[in-house]
Every structure is written in C-alpha cells, then in structure tokens.
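Heads up, the thing below is written out as structure tokens.
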C-alpha cells in the first residue's frame, strides 16, 4: 500500500535539493557521532568496570595523537559544514537580478498577495515555473512567517519593516503555504496554496483574470492624489518652490545626511522616511514633512516604493542626494499635506 504521508515534502525549487543534502549530511554526521560516543561509553563502562571493592584505578596519559585527532577532525568537519551552509545561505538570501517582485502582506489571519501587474490574491499565489520570484513581506499586526515547505523557504513578516525571500519553482503543481509563526487563535487556519504553472498557462491565467493597476501605477495615484506628495516633491522645483527634494533618481542612491553620515535610499530607508520623517534628515533640507504613521497601510507603502523605483533622473530635478536648495520658509504653503516622500521634507 502506497504511503499517503511522505517523510519529506516534494523538492521542487532550484535550491531545495541543496538544502535537503545539507540537512541530511548534518543528520548523518550527528547520528554517527552520537552512536560512536554512546557506544564507546557503554564499552568503557563494561570493559573498565570495578570487579571487586579492592580494585583501584590507575592514572593513564592519553596518547598525543589521540588528543590531536579528536580535536582536529571534528574541527575540520565543522568548518567544512559551516562553509557549505554559508554558501547555501547566501544563495537563498540573495535573489537573482531577473527576479520578478511580488508582495505578500500578512494579517490575522490571511496572506494578501499582489502581482507586479496588479492582480491580487488571498491565501493563493500563482507563479510561472522557471521564473525567479522575489516576495517582499510585511505585516499589518503581529509577526507572521511565510513558509512553503516544497520550496524549502521560510521568512518572517515582521511589523514595522520589510523582509523578503525568493524561489524558482521547477515543477508545476499545487504546494502548501503556511504561516509558521504562532500569530493568534486562528493561526492554524492561516494556510494557502502556491500554484506553479507552465509559463504559457500562467500567461493565460493572467489574461483571464481581472487585472487591477500595477503596483507602480497604484503608487503613482497615492503619490499624486490621495496623499498629495507631489505638492512638495515636484520634479525640477527649486528655490521658493521647493519644500522637499525631488525624488527622481533617488532610489538606490547614496544620501548625505545632516548629521554628516550617509545612507542608501533602499526600501527600508524609504519606509522609515514616510513613517518617521525626522529619523534621517537629508543635508540641506528642513524637517518639515509630517509623519504618515497610521495613515498609510503596509500595502500602500509597498506601492509607493514601487512607484518611486520607476522615477528616473529628470533634467532640472534636485534629488535628495544632490545639491539641494534651502527652502524658503516664507513661501506660500502648498495645498494639501506633504506626501509620504521617500525622504523627509528637509
């Protein structure tokens, strides 16, 4: 009778086989030394037991080669396994340059997934086989953990920050998606599916669905209209018109701060600048941007960041890392709030 409870889930990602080999190697090595040490203890207990009360043990000095052997051999094994594990770790946590980015927002008790093209899913993620997929994670409430056993990938979604993971499915199928962190009374129901499809089938699925706006387009709407960020962060604005730095060419650049330090304008920096604008003040700008803590959802944050990534350099624009114009505090106030810019309005 064929077993319906396999010992291991299927191995269907580009690095799941290497993870399995590392795990099995550690298990075999650990079992070998456990049996060896336990066997020697039992053998010595019997071989050198006291046979009558008058027996007195004699002091013996272990051979030098034995002392060196049981120190050096385990050290070599441990260093080799460390190097192997480090290589696997770097592979798992360094997504390829051609990875397509999705977002997954965890909340009690579901995963809200958005595709780059705007398609949204709840507790389900459709992906094409052979395409590296990067999933940016965030949480709206407590710590969750995005776990796909068949892909050997797991990453926590932590409130107040972004995390990410990546995988590339190698075989079509439907695979379990779990939350692997206890997150409340309904934790056991926070489950879903990852559906890996052939590229043509995936394109047909996309075409048959109702596509919303892309993440970048949704972010543009938030930037231009809902939060009116463009009233202060206008491309090409300078002097009296500039209340905040232009954001064209900002993403990925190095920013000079008022305290003399520098920071790379990555996702975490943008997020912090929206929620806590005074945390890192860009040199030459005043901290006039209000906080948007509690006004912007995790999903909106990812959309704003996706939009700002698309902003290339614009002639005449003054990005935060450039040579900014000192804003004129006597200039007329722009209508609406200063939008959730990637850097504080300095």
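A few remarks follow.
- Counting only residues that are within 19 Å of the chain's Cα centre (by Cα) and within 17 Å of residue 121 (Cα to Cα), segment 173-191 holds 3 of them.
- Here residue 188 passes the criteria (1) over 19 Å from residue 140 (Cβ atoms); (2) surrounded by fewer than 19 Cβ atoms within 10 Å (Cβ to Cβ); (3) in contact with a strand residue (DSSP E or B) (Cβ under 8 Å, 6 or more places away or on another chain) except the one numbered (3).
- Residue check for residue 77: without any contact (Cβ under 8 Å) to a residue 60 or more places away in the chain, out of contact with any helix residue (DSSP H, G or I) (no Cβ under 9 Å at 6 or more places or on another chain) and assigned to a helix (DSSP H, G or I): no
Per-residue answers, yes or no, for (1) at pLDDT 80 or above; (2) within 15 Å of residue 228 (Cα to Cα); (3) surrounded by fewer than 16 Cβ atoms within 10 Å (Cβ to Cβ):
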{"position": "284", "(1), (2), (3)": "no, no, no"}
{"position": "290", "(1), (2), (3)": "yes, yes, yes"}
{"position": "296", "(1), (2), (3)": "yes, yes, no"}
{"position": "310", "(1), (2), (3)": "yes, no, yes"}
{"position": "313", "(1), (2), (3)": "no, no, yes"}
{"position": "319", "(1), (2), (3)": "no, no, no"}
{"position": "332", "(1), (2), (3)": "no, no, yes"}
{"position": "340", "(1), (2), (3)": "no, yes, no"}
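- In segment 260-280, the residues that are part of a loop (DSSP other than H, G, I, E, B) and closer than 12 Å to residue 244 by Cβ: 277
- Spans of strands (runs of 3 or more DSSP E) in segment 86-151 with at least 1 residues within 18 Å of the chain's Cα centre (by Cα): 100-107, 110-114, 124-128, 133-139, 144-148
- Segment 199-224 - residue that is loosely packed, with under 14 Cβ neighbours inside 10 Å and over 27 Å from residue 304 (Cβ atoms) and, of those, modelled with the lowest pLDDT: 208
Residues are listed down the side, and each one gets a yes or a no for (1) exposed (fewer than 10 other Cβ atoms within 10 Å of the Cβ); (2) part of a helix (DSSP H, G or I):
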position: 6; (1), (2): yes, no
position: 11; (1), (2): no, no
position: 17; (1), (2): no, yes
position: 20; (1), (2): no, yes
position: 23; (1), (2): no, yes
position: 43; (1), (2): no, yes
position: 58; (1), (2): yes, no
position: 61; (1), (2): yes, no
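- Condition check for residue 277 on (1) at pLDDT 80 or above; (2) more than 22 Å from the chain's Cα centre (by Cα); (3) over 19 Å from residue 219 (Cβ atoms): one failure, at (3).
- Against the conditions (1) part of a loop (DSSP other than H, G, I, E, B); (2) surrounded by 10 or more Cβ atoms within 10 Å (Cβ to Cβ), residue 68 satisfies every one except (1).
- Matching residues in segment 276-291 - criterion: being farther than 16 Å from residue 162 by Cβ and either out of contact with any strand residue (DSSP E or B) (no Cβ under 9 Å at 6 or more places or on another chain) or without any contact (Cβ under 8 Å) to a residue 40 or more places away in the chain (or both): 277, 278, 285, 286, 287, 288, 289, 290, 291
- Residues within segment 150-162 that are free of Cβ contacts under 8 Å to residues at least 40 places away in the same chain and buried (at least 19 other Cβ atoms within 10 Å of the Cβ), tallied: 1
The values are calculated or read from the model by the stated rules, or taken from the named source; none is laboratory data. Because the structure is predicted, anything quoted here is derived from the model rather than measured. Quick reminder, even Gly has a Cβ in these numbers, built from the backbone with ideal geometry, and neighbours come from all protein chains shown.
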